[in-house]
Every structure is written in C-alpha cells, then in structure tokens.
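Visitor: Pasting a structure below so you can have a look.
The values are calculated or read from the model by the stated rules, or taken from the named source; none is laboratory data. Computed from a predicted structure; not experimentally measured. Don't worry about glycine lacking a Cβ; one is built from the backbone with ideal geometry, like all the others, and counts go over all protein chains shown. Accessible surface areas use protein heavy atoms only, side chains included; no ligands, DNA or RNA. Shrake-Rupley method; radii C 1.70, N 1.55, O 1.52, S 1.80 Å.
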Amino acid sequence: MTNDVMIINAFVLYIGVMMGIGVYYYRQTKNMSDYFLGNRKLGAWVTSLSAEASDMSGWMLMGVPGFAYLAGLNAGWIAVGIAIGTWANWHFVAARLRQYTELAGNALTLPEFLQNRYKDTSNLLRIVPAIFILIFFILYTSSGFVAAGKLFETVFGMPFQYAIFLGAGSVVFYTLIGGFLAVSRTDFIQGVMMFFAILIVPICAAMSLGGFGETVLKIIEYKETLFEPFLKPDGTTLGTIELISLLAWGIGYFGQPHILVRFMAIKSTSELPQATRIAMTWVTLSLAAAVSIGMVGTVYVTTLKRSSW
C-alpha cells in the first residue's frame, strides 16, 4: 500500500511539474516566434535531448523491448538503422535547415519555409504539407497517447480510456499553453529521465538474476537463437529485403517535423556539433539498453513465474 501511494505521488508530482512548465512559459511567450520556435534560442543540450525524446518516446520504451523480447538481437537492426538515420539527419540537414529557414523570411514552420523558399504564390506548398502533417501526426501522437494509457492502466489499474485522457490531457495542456518553449523543456526533462531509466532497468534485472554473465547463460539456455541477429523470431534466416526493411527505419528521420523544428530553433549552427554528439550518445546507449531490456526480460519474466509457483 505504501509503495502504491509513493508511485501515485510521484506521478502526480511529475504531471504537476510538466503542467507548471507550460504555465511558466505561457508567461514568457511574447510573440509568435517565441510560441513556435522559442525565438531560435535553444542551446545544444535542450535541442538534442528534446529532439530525441520527442521522437523515441513510447515506442523505444515499449516497442523496441517488446520486439527484442521476441526476436533478440534481430531487433538490433532497427536500432542500427535508426542510429544511422539520426546521425545523417543531424549531419546533413540540421545546419542547412537552421540557416535557410531564417533566410527564407524567418519561416517559423516547415510549410511556411517551403512556400518562402520556392516563392510559391499558390499557397500549395503551405497547404499540402500542413495537411500531411495533420493527418499523419494524428496517428503518430495517438500511438504515444496509447503508450501513456497502457502505462497508467498497468501501474494504477485505471480503465484504459480514462488513462488515455489523463496522459493526453496533461500533454495537450502544456503544449497549447506554453508552446514550443514548454514542449522543448518538458521533452528535455523527459529525455534525461528516459535515458537513466532505460539504462538502469536492464542492469538491475541482470543483477537480480545473478550478474551479467549468469544472465547471458540463462538467455542462451532459454533460447539460444536470441543471440543470432540474422535469425527471425520463427527461426528462419533473415532475408536481404527484410534486413533492408529493418535498417530503413532511419530514413524517416529526414522528414519528421517534430525533429526538424528543433534544428530550426537552435541558437546557432555553431551549437550543432555538440548537439550532434549529445544526441548520438543518447540514441546509441538508449537503443542498446532497449534491446537489452527485451532480451533480459525473457529470462527475468520466466524467473518471476517460477518463483510465484
């Protein structure tokens, strides 16, 4: 009972802080540039961690470990593809986008940038991308709300529908109230929390199983093929097209607005090398830990079931 109260208090405090950040930056927002891009004043740390946290979110904490739970190191190909795509995005796109969005009439959004960059008078380059962003981000953000709902349902035993409204409601509140400044700061905090949490979980699980060496032996005993990156969950060999498909996850990074807008908002292109190093460290370690969670989880869950007998 005491643990439940502590967990509830921790979540109430967390949501309260996130909403408080929204109110704070509502008072700091003076114009449209502040609201949409933070007046292009983000530092390297906030830019990098907010970009990666907003991108990875629930799918890295739940999706990748779930895939690794079934497929083992085969899931690592997604991680490799994402790491390559992340680096390429920071290396080839970030500086150019930061410079050209400011030169193109100080564009505050990607649709506005496209319109200004190509001097479109028909408004199609503003309207069409905005429609695509609206349609596909409804699906994208919905998956994040589902992840939040699953979390609240599992931890608190809340009905799933209520859990979604609670998770989504807090996010919508600080986003609408505080704008980009609030979103970037809350994502920075979440990025730090995600990083340490996803590193700590597999380490603690492995230690409870007798150490890293013992954990590896137990995984091999449970299912040796989990350490075979070229084998699919059903034991068949990974084909070339399937391998390319897994690696191709990184291609999507070049067009994701919630990442690109961080490039537009960074203080200066001179901050980008540091931001790139921070982002790549975060991504590499976090994805490796996510795959580890899934693999360690196979024997950890089995051990828990046996102990409950």
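Visitor: Stokes-Einstein D for segment 113-163 at 20 °C, 1.002 mPa s, Kirkwood Rh over Cα pairs, in µm²/s?
Guide: It diffuses with D of about 161 µm²/s by this estimate.
Visitor: Under 23 Å Cα to Cα from residue 218, which lysines show up? Leave out anything in the same chain fewer than 8 places away.
Guide: Here the lysines satisfying the reach criterion relative to residue 218 are 232, 305.
Visitor: Volume per residue, Å³, of the convex hull around the alpha-carbon atoms of segment 1-103?
Guide: Cα convex hull per residue, to the nearest whole number: 133 Å³.
Visitor: Who wins for biggest fluctuation among 176, 124, 166 in a Gaussian network model of the chain, springs between alpha carbons below 10 Å?
Guide: Looking only at 176, 124, 166, the largest GNM fluctuation is found for 124.
Visitor: When the scattering of segment 133-201 is computed by the Debye formula from its Cα atoms alone, each counted once and equally, what is log10 I(q)/I(0) at q = 0.11, 0.28 Å⁻¹?
Guide: -0.32, -1.17
Visitor: Pick out the long, greasy-scoring helices in the chain: whole DSSP H runs spanning 24 Å or more along their own axis by Cα, mean Kyte-Doolittle at least 1.6.
Guide: 124-156
Visitor: For residue 233, what is the net charge nearby, where nearby means another residue's Cβ is under 12 Å from its Cβ and Lys, Arg count +1, Asp, Glu -1?
Guide: Residues close to residue 233 contribute a combined charge of -1.
Visitor: I've got another one for you. For segment 131-286, what does the equivalent ellipsoid look like in terms of its semi-axes, each the square root of 5 times an eigenvalue of the Cα gyration tensor, given largest first in whole Å?
Guide: 32, 23, 20
Visitor: Please name which of 209, 197, 178 has its Cα lying farthest along the dipole of the chain towards the positive end, using unit charges on Cβ (Lys, Arg +1; Asp, Glu -1) and the Cα centre as origin.
Guide: 178
Visitor: Provide the FRET efficiency to the nearest 0.05 for the residue 196-residue 127 pair, computing r from the beta carbons and using R0 = 35 Å.
Guide: 0.25
Visitor: Which percent of the accessible heavy-atom area of segment 150-309 goes to carbon and sulfur, probe 1.4 angstrom?
Guide: About 70 percent, which is the carbon plus sulfur part of the accessible surface.
Visitor: So between residue 80 and residue 150, what do we pick up on full extension, going 0.36 nm a residue minus the alpha carbon distance?
Guide: Once the chain is fully extended between residue 80 and residue 150, it gains 22.5 nm.
Visitor: Go ahead and run the numbers for FRET between residue 27 and residue 137, Cβ-Cβ distance against an R0 of 22 Å, rounding to 0.05.
Guide: So, using R0 = 22 Å, E works out to roughly 0.20.
Visitor: So which aspartates and glutamates can residue 223 reach, going by Cα to Cα under 19 Å and dropping same-chain residues fewer than 8 places off?
Guide: Partners found: 214, 234.
Visitor: Full-extension gain between residue 274 and residue 9, please, as 0.36 nm times their residue separation minus the C-alpha to C-alpha distance.
Guide: Extending this stretch completely gives an extra 91.8 nm.
Visitor: Further question: Would you work out which of 9, 133, 78 lies farthest towards the positive end of the dipole of the chain, given +1 charges on the beta-carbon of Lys and Arg and -1 on that of Asp and Glu, about the Cα centre?
Guide: Projecting each Cα onto the dipole axis, the largest value belongs to 133.
Visitor: Could you size up the charge dipole of the chain around its Cα centre, putting +1 on the beta carbon of Lys and Arg and -1 on that of Asp and Glu, and report it in debye to the nearest 20?
Guide: Dipole of the chain, to the nearest 20 debye: 740 debye.
Visitor: Hey, which lysines would be in cross-link range of residue 41, C-alpha to C-alpha under 17 Å, not counting anything within fewer than 8 residues on its own chain?
Guide: Of all the lysines, those that pass the test against residue 41 - Cα under 17 Å, at least 8 places apart if same chain - are 30, 267.
Visitor: Sketch the reach of a paramagnetic label on residue 302 as a point 7 Å from Cα along Cα-to-Cβ, and name the residues of segment 217-245 whose backbone nitrogen lies under 20 Å away.
Guide: 217-236
Visitor: Right, another one. Segment 137-222: which GluC sites (Glu not before Pro) are DSSP loop and have at most 16 other beta-carbon atoms within 10 angstrom?
Guide: Qualifying residues, ordered by number: none.
Visitor: Another question, then. State the answer as a single residue: which of 69, 56, 31 lies farthest towards the positive end of the charge dipole of segment 1-100, with beta carbon charges of +1 for Lys and Arg and -1 for Asp and Glu, about the Cα centre.
Guide: In segment 1-100, that residue is 31.
Visitor: Express in whole angstrom the spacing between the alpha-carbon centres of segment 97-112 and segment 24-68.
Guide: Each part reduced to its Cα centre gives a spacing of 19 Å.
Visitor: Suppose only helical runs count, i.e. DSSP H with n ≥ 4. What mean residue ellipticity at 222 nm does that imply for the chain under -39500 (n - 2.57) per run, divided by all residues and rounded to the nearest 500 deg cm²/dmol?
Guide: -25500 deg cm²/dmol
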